[in-house]
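Just below is one structure, and these are the notes that go with it.
The values are calculated or read from the model by the stated rules, or taken from the named source; none is laboratory data. On a predicted model such as this, the values are computed, not experimentally measured, just so you know. Counting neighbours? That spans all protein chains shown, and the Cβs are built from the backbone with ideal geometry, glycine included.
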Amino acid sequence: MQIYLPIAELPISIFLVLGIGAAVGFISGMFGVGGGFLMTPLLIFIGIPPAVAVATETAQIAASSMTGAIAYWRRRALDFKLGGVLLAGGVVGTVLGVAFFNAMRRLGQLDLVITLSYITLLGSVGGLMLTESLKAMLSARKGISAPLGRAGHPWYFGLPLRMRFNRSKLYVSVLPLLFLAILIGFAGAVLGIGGGFLMVPALIYLFRVPTAVVVGTSLFQILFTMLAAIMLHAATNQSVDIILAMLLVFGGVFGAQFGARAGQNIRGDHFRLLLALIVLAVGVRFASEIVLRPDELFSLGLIEIRR
Amino acid sequence: MRRAALALLACWWAAAARAETMVLSLSSHRVQITSTYTGAELVIFGVIDNERRSVTRQEPYDVVVTAAGPRASTVVRQKVRLGPIWMNLAQRKFADVPTTLAQISSRPIVQIASPDLRRRFGLGLDSILDPAGYDLIYDPTFRTALIRLQREAGLYRSEERGVTFITPSIFRAVVPVPATAPLGGYDVDVALFSGGVLLAREDTNFEVTKVGFEQAVAQAARQHPIWYGAATALMSVAFGWLATVIFRRD
């Protein structure tokens, strides 16, 4: 069954979109990631214009992070104060990101920018996660529990404007937190990802936030950053397709529920290894796109239609 | 000089041969995009009138129907190897290219008209994109790439035996409108030939528009972007919240 997407301006199979939504939702529910880094490339792959894919995916991330944030809030595993600081940075990053997105789109290099950023991000994050989880598995086999980093505080904890975050057991300068949030907000708006897969490890490894509150806090921050991104994309490039968004959200919401149940039966280090492999696989897929000689050397860009 | 002479010659040629007239009828002048739109087909009928019978044709009639979508500036980019990666480095801009193109003829275009005539009257996909009267040597790589990509996307089509003659003077052709056809005005041009000579030329048009819900959504996105964004945001939040209610287990 086909449905015409009013903003993407093409007909697409309802079941294909629902299926993609459900599949990505399953993975995102299982690993507690937003799934944007899988969804946006998939949408581009099935023929949705990159601009529409990136802008529309923000709506789907908002919905799935809403579901997640509520669940963590009920378990009191959410630090609103920390989330608020990250949110402030996230919104600034998003504004910059959308502006950059629109500029690159005008220059005709948007596709390359998206591809290169995906390779860098996915490759480095996936690689780090892979080595970390392999180390953890090896030491688990030897019977030693791997310590999380060194003792003592890194230098950036002591920068000016220190703030106390009780729930996260953190006393830290807000500057590095804001910097991190701006960076992730920027990447999110340009790439159509929530950034959970960047935020969660950053909070754990760089700021030593207790794992229990990290995911909830990150979801809270992502929810509001993505709501801001929807508004900005809608207002500046009019590429948000509400019909496509609705289908993705619907499929994603169901997939995530089943994914979350499946995820409870996986061991922690195996879980991180699997996620690392998925992240790396998507990165390799992107890399192959620009490193191998493409089948089609030419591509078209429409500048403007005279109506 | 040569071009002017050719044009003059063409005028004289056309006037001398103008014994036939053509009447066209398009099945619809408006293609409406609704939520179930997956492309459309229009039928064009034509009647060839040779009332005065001033000329008796030895050869049968040939008809070429060309339907062209709204024109756009299009950039063709070529990936070039730069160090380890391939990136878009070479490009060529085409200022005025139809976004969609369908050419339907009664037999292969090469048999209908001479290369010169084809180029002058834009017959055949190659000739349409060739800047008129340009026979300087220039690299056709980008032009062929453009046509190939548009064909693969289903936007350019040619059908070499798509015009059927119901009687010797009444013909019929199906004009396809692709699923991804942009909105706007489409021109349908019909050229009548016989024995390699252009006898008559007529045109008509149709419009592709969004209607109803699709129209409302697209308009809202363009005219009230803030409200549209807010509605999308609200929809996401509501769905997300609803999911926790539906799947709540405690």
- prompt: Residues of region B:96-144 being at pLDDT below 75, of a type in the set (A, V, I, L, M, F, W, C) and surrounded by fewer than 19 Cβ atoms within 10 Å (Cβ to Cβ), which ones?
  reply: B:Ala132, B:Leu136, B:Ile137
query: In region A:1-19, what residues are within 17 Å of A:Ile242 (Cβ to Cβ) and assigned to a helix (DSSP H, G or I)?
result: A:Ile14, A:Val17, A:Leu18
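Here's the yes/no breakdown for (1) surrounded by 22 or more Cβ atoms within 10 Å (Cβ to Cβ); (2) more than 24 Å from A:Asp241 (Cβ to Cβ):
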{"residue": "A:Leu43", "(1), (2)": "yes, no"}
{"residue": "A:Val54", "(1), (2)": "yes, no"}
{"residue": "A:Ser64", "(1), (2)": "yes, no"}
{"residue": "A:Arg75", "(1), (2)": "no, yes"}
{"residue": "A:Gly83", "(1), (2)": "yes, yes"}
{"residue": "A:Leu86", "(1), (2)": "yes, yes"}
- prompt: In this structure, is B:Ile104 more than 8 Å from chain A (Cβ to nearest Cβ), under 30 Å from A:Ile3 (Cα atoms) and not in a helix (DSSP H, G or I)?
  reply: yes
query: Applying the selection to region B:35-49, what residues are surrounded by 13 or more Cβ atoms within 10 Å (Cβ to Cβ) and either touching a Lys or Arg at 6+ places or on another chain (Cβ under 8 Å) or without any contact (Cβ under 8 Å) to a residue 24 or more places away in the chain (or both)?
result: B:Ile44, B:Phe45, B:Gly46
- request: Those residues that are more than 14 Å from chain A (Cβ to nearest Cβ) and closer than 19 Å to B:Thr99 by Cα, I need them from region B:136-173; list them, please.
  value: B:Arg157, B:Ser158, B:Glu159
task: Return the residue satisfying two criteria in turn: it lies in region A:25-45 and is in contact with a Ser or Thr (Cβ under 9 Å, 6 or more places away or on another chain) and hydrophobic (A, V, I, L, M, F, W, C), and of such residues it is nearest to A:Asn265 (Cα to Cα).
output: A:Leu38
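How many residues does region A:182-210 contain that are touching a Leu at 6+ places or on another chain (Cβ under 6 Å) and either without any contact (Cβ under 8 Å) to a residue 40 or more places away in the chain or more than 23 Å from A:Gln109 (Cβ to Cβ) (or both)? Reasoning before the result, please.
Just the residues of region A:182-210 that are touching a Leu at 6+ places or on another chain (Cβ under 6 Å), to begin with: A:184, A:186, A:202, A:209.
Keeping just the survivors that are either without any contact (Cβ under 8 Å) to a residue 40 or more places away in the chain or more than 23 Å from A:Gln109 (Cβ to Cβ) (or both) gives A:202, A:209.
Count: 2.
Looking at B:Thr204, B:Thr164 in this structure, which one is under 21 Å from B:Gln32 (Cα atoms), under 23 Å from the mean Cα position of the chain (by Cα) and in the same structural domain as B:Ser27 (by TED's automatic domain parsing)? Lay out the reasoning, then the answer.
Numbers: B:Thr164 fails: under 21 Å from B:Gln32 (Cα atoms).
B:Thr204 is the lone residue from the list that is under 21 Å from B:Gln32 (Cα atoms), under 23 Å from the mean Cα position of the chain (by Cα) and in the same structural domain as B:Ser27 (by TED's automatic domain parsing).
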- request: Determine, yes or no, whether B:Thr232 is over 30 Å from B:Leu24 (Cβ atoms), within 7 Å of another protein chain (Cβ to nearest Cβ) and under 36 Å from the mean Cα position of the chain (by Cα).
  value: yes
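Of all the residues that make up region A:44-102, how many are in a loop (DSSP other than H, G, I, E, B) and more than 26 Å from A:Thr115 (Cβ to Cβ)?
Keep residues of region A:44-102 that are in a loop (DSSP other than H, G, I, E, B), which gives A:46-49, A:75-79.
Still in the running and more than 26 Å from A:Thr115 (Cβ to Cβ): A:75-79.
Residues in region A:44-102 being in a loop (DSSP other than H, G, I, E, B) and more than 26 Å from A:Thr115 (Cβ to Cβ): 5 in total.
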message: Among the residues in region B:177-190, are any buried (at least 20 other Cβ atoms within 10 Å of the Cβ) and either more than 23 Å from B:Thr36 (Cα to Cα) or outside the structural domain of B:Glu59 (by TED's automatic domain parsing) (or both)?
response: yes
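Each row is one residue, and each column tells you yes or no for (1) among the hydroxyl-bearing types (Ser, Thr, Tyr); (2) touching a helix residue (DSSP H, G or I) at 6+ places or on another chain (Cβ under 6 Å); (3) at pLDDT below 85; (4) over 30 Å from B:Trp86 (Cβ atoms).
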{"site": "A:Tyr72", "(1), (2), (3), (4)": "yes, yes, yes, yes"}
{"site": "A:Arg75", "(1), (2), (3), (4)": "no, no, yes, yes"}
{"site": "A:Gly89", "(1), (2), (3), (4)": "no, yes, no, yes"}
{"site": "A:Ser124", "(1), (2), (3), (4)": "yes, no, no, no"}
{"site": "A:Glu132", "(1), (2), (3), (4)": "no, no, yes, yes"}
{"site": "A:Met137", "(1), (2), (3), (4)": "no, yes, yes, yes"}
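Restricting to region B:205-232, what's the tally of residues that are of a type in the set (S, T, N, Q) and either crowded, with 17+ Cβ neighbours inside 10 Å or closer than 14 Å to A:Asp241 by Cα (or both)?
Just the residues of region B:205-232 that are of a type in the set (S, T, N, Q), to begin with: B:205, B:209, B:215, B:219, B:223, B:232.
In the following step, the residues that additionally are either crowded, with 17+ Cβ neighbours inside 10 Å or closer than 14 Å to A:Asp241 by Cα (or both) were identified as B:215, B:219, B:232.
Within region B:205-232, residues that are of a type in the set (S, T, N, Q) and either crowded, with 17+ Cβ neighbours inside 10 Å or closer than 14 Å to A:Asp241 by Cα (or both) number 3.
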task: Would you point out which residue out of A:Phe224, A:Phe286 is within 14 Å of chain B (Cβ to nearest Cβ) and either within 27 Å of B:Leu242 (Cα to Cα) or not aromatic (Phe, Trp, Tyr) (or both)?
output: A:Phe224
query: Got a sec? Which of A:Arg75, A:Arg106 is of a type in the set (Lys, Arg) and in contact (Cβ under 8 Å) with a residue 60 or more places away in the chain?
result: A:Arg75
task: Kindly indicate the residue of region A:172-208 that is aromatic (Phe, Trp, Tyr) and crowded, with 19+ Cβ neighbours inside 10 Å and also nearest to A:Gly68 (Cα to Cα) among those meeting that condition.
output: A:Phe197
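Take the conditions more than 18 Å from A:Met199 (Cα to Cα), in contact (Cβ under 8 Å) with a residue 40 or more places away in the chain and facing chain B (nearest Cβ under 9 Å) and apply them to A:Thr40. Does it pass? Don't jump to the end; show me each part of the working.
Numbers: more than 18 Å from A:Met199 (Cα to Cα): yes; in contact (Cβ under 8 Å) with a residue 40 or more places away in the chain: yes; facing chain B (nearest Cβ under 9 Å): no.
No.
Residues are listed down the side, and each one gets a yes or a no for (1) within 17 Å of A:Ser239 (Cα to Cα); (2) within 17 Å of the chain's Cα centre (by Cα):
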| site | (1), (2) |
| --- | --- |
| A:Ala8 | yes, no |
| A:Phe26 | no, yes |
| A:Thr56 | yes, yes |
| A:Arg74 | no, no |
| A:Val95 | yes, yes |
| A:Arg105 | yes, no |
| A:Leu121 | no, yes |
| A:Gly127 | no, yes |
